[in-house]
Amino acid sequence: MMFWTREVAGWALVLFSLILIRLGLSYITALESPKIVEAGVIMFAAMAVLRAGILLIRISTAARICRGDRESDRS
């Protein structure tokens, strides 16, 4: 059951990182005064959050596969 918790947390982090990327892009494309440095910081943080979310999804998937293999070996 812990698989689903990890997977939902991973997808939540991926969604949050997409929101951060959108915010960073809106900082860059501001017509009156683009905030380049602030956008760079936000994009860096968004990439870190995205990487963490994908890692959680990968771990959850690998754990489900291993558990499925273990249960099929017992049969």
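Here are a few things to note about the model shown:
- Seen against the Cα atoms of the chain and their longest principal axis, helix 2-28 is set at about 10 degrees.
- The label-point distance for Thr61 and Phe16, in a model that sets each label 7 Å from Cα toward Cβ, rounds to 2.1 nm.
- Cα-based helix-to-principal-axis angle, 36-74 vs the chain, degrees rounded to 10: 10 degrees
- Compared with the direct C-alpha span, the chain from Glu38 to Val8 gains 7.9 nm at full extension, assuming 0.36 nm per residue.
Any read-out appearing in this document is the output of simple, stated calculations on the displayed coordinates, not a laboratory observation. Just so you know, these numbers come straight off a predicted model, no measurement behind them. Cβ coordinates were reconstructed from backbone atoms using ideal geometry, including for glycine residues, and neighbour counts include every protein chain displayed.
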